[in-house]
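The values are calculated or read from the model by the stated rules, or taken from the named source; none is laboratory data. Everything numeric here is computed off the predicted structure, so don't read it as measured data. Ideal geometry is used to build each Cβ from the backbone, glycine not excepted, and the neighbour counts take in all protein chains shown. Ligands, DNA and RNA are excluded from the accessible area calculation, which covers all protein heavy atoms including side chains. Shrake-Rupley method; radii C 1.70, N 1.55, O 1.52, S 1.80 Å.
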Amino acid sequence: MEDEQDLPEQIAIRMAKRERILASGQDAYPVSLPITRTIDQVKNKYPDLEIDVATGDKVSLAGRVMFQRNTGKLCFATLQAGTGSRIQVMLSLDKVGEEKLEEYKELVDLGDHLFVEGEVITSKRGELSILVDSWSIAAKTIRPLPNLHNELGEEYRVRHRFVDLIVRDRAREVVQIRSKVMQSLRNTFTKDDFIEVETPMLQTIHGGASARPFKTHSNAFDTELFLRIAPELFLKRAVVGGIDRVYEINRNFRNEGADRTHSPEFAMLEAYEAYGDYNTMAELTQTLIQNAAMDVFGTLQVQLEDGEVNDLSGEWARVSMFESLSEAAGVEITPDTDIKVLKALADKEGLEIDHPLHGKYVEELWEHFVKGGLQKPTFVMDFPVDTSPLVRDHRSKPGVVEKWDLYIRGYEQATGYSELVDPVIQRERFVAQVKLSAAGDPEAMKLDEDFLKALEFGMPPTGGMGMGIDRLLMSLTGLGIRETIMFPLVK
RNA sequence: GCGCUUCUAGCUCAAUCGGCAGAGCAACUGACUCUUAAUCAGUGGGUUCCGGGUUCGAUUCCCGGGGAGCGCACCA
């Protein structure tokens, strides 16, 4: 650290206090403290004491000083636990003595962790308090907390999430909600006999999705490696190996733009079920999300940040992509519709699409005409074949594949397939992707020989689904993605 | 990647048609044994994001760079 002269005033003063504590033979950062109670335990034990009561109950506890009200001979402070619950402590001249009271006033700042021993009482105003017999510093804070009476700025919140978590209840709450949602998802899977695995994040060939990857280099293998854009191809290898019900919740990395709904690293859930198909995966997905809402909020009418309600109840609608598009566009559009007709329609609607694939036009037109109107949870079924290289052809409808996307409040929330398991067709699809890649599409998939070899050993009929965890949190809270991720990337 | 907006004290924000940079909270000194955003009196605290230019003088105007926010594009 720089010279004390150069430090901001408040930091220099606190550094000096730290020195004073150490010089007096005390510890500014003791390794352990004889704590007998948490703040929550005390509050739960005495929910409604009368005014001015002395319980005779001696406790010792610690917390962060959030408010201080120092007077001549009786000082008040509010301690906060990690849970956010708070309790008042009182230091009086007759209990702690003149020397320790002075020392308290001189050395203890807002933000410090304070340890106190004393009796549980209520003040003359009726507030549950600890009447302190003795105190010591539990951890000295060098930097001042921000002012608690204004909202923190957006950038400060994200760059100093540790401070945000101290001062803002909602920040702590979101962390807890996220943890509970993860737990609920895992419970649902466990009840359904799925097992959780972890597959490689460093890959020699990236696959399983259409996206630009992050590249890195292995010194040991002297080779280029990619951070995974999806776990899909490894989870399918697991299914080939007989892990019939398998899922993974872990991070994916995509070298794309970041905005309110996209983060370069994001948590992804993928699940595969042998002898399932895209219908059973739709049911599973609905169950996962509804269970999460019930487990975390106790309701399927989820209250969002802006006051709106996200209604997740009932059986979720299923609509066909081509049918819903035809209806909204007012013209019949099928997999056989000439691509020139699609291009003309796109031009007429002011869409700038320049892509060789028929399916790309269908998807873009669908997003233009239909997507925004899908507020209630809706499975959009049966996608174009040429944009879905890992999905099997529809069992009865020609020209489409058995794939759905789940939309909630206009956002893509999850996707599900009847997986393509025919190694010959899968090879053809990869070859088509390689041609796109050669034609300059940076997101086209690469041909993965090892994955094809796995399919050649026989993959059972399988349903698969993938869901963005951060997106799920957004649907359940109405927050932006950077608020659902505790430490989002900032430059 | 492109466009618009923004960056001032520890935090949240004012102000300047280009002329000594302000407030609230926080901090410091003092008073106060029932406060709770304690109160009262007083005090200090700034590379106005960085670099260059114009100017007697730039925090303000211009150019370049950086961070952030919003919109568009791409994507989940």
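What the table below lists for this structure:
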| item | result |
| --- | --- |
| Among the listed pairs A:Lys215/A:Lys371; A:Lys360/A:Lys435; A:Lys191/A:Lys371; A:Lys376/A:Lys403, those beyond 25 Å (Cα-Cα) | A:Lys215/A:Lys371; A:Lys191/A:Lys371 |
| Förster radius 45 Å - calculated FRET efficiency between A:Asp27 and A:Lys73 (Cβ-Cβ, nearest 0.05) | 0.95 |
| For the range A:283-300, Karplus couplings with θ = phi - 60° (6.51, -1.76, 1.60), whole Hz, Gly/Pro x | 4, 4, 5, 4, 5, 4, 6, 5, 4, 4, 4, 5, 5, 8, 10, x, 7, 9 |
| FRET efficiency estimate (nearest 0.05) - Cβ-Cβ, A:Val175 to A:Leu447, R0 41 angstrom | 0.50 |
| Carbon + sulfur, % of accessible area of the range A:322-448 - ligands and nucleic acids excluded, 1.4 Å | 51 |
| For the range A:84-106 and the range A:3-53, distance of Cα centres in Å | 11 |
| 5 angstrom amide H check on A:Asp386, placed H, neighbours 5+ away | A:Gly359 |
| Inter-part distance where the range A:156-197 and the range A:318-362 are each reduced to a Cα centre, Å | 40 |
| Residues with amide H under 5 Å from that of A:Arg37, placed H, sequence gap 5 or more | A:Ser60 |
| Within chain A, longest stretch clear of exposed chymotrypsin sites (Phe, Trp or Tyr not before Pro) (DSSP loop, no more than 13 other Cβ within 10 Å) | A:1-220 |
| Sites matching GluC sites (Glu not before Pro) across the range A:291-334 that sit in DSSP coil, with at most 13 neighbouring C-beta atoms within 10 Å | A:Glu305, A:Glu308, A:Glu315, A:Glu332 |
| Reciprocal of mean inverse Cα separation for chain A (Kirkwood radius, Å) | 26.7 |
| Calculated [θ] (222 nm, deg cm²/dmol) that DSSP helices of n ≥ 4 give over chain A, each run adding -39,500 (n - 2.57) | -10500 deg cm²/dmol |
| The range A:243-294 pair-distance distribution - Cα-Cα, 10 Å bins, rounded % | 20, 37, 34, 8 |
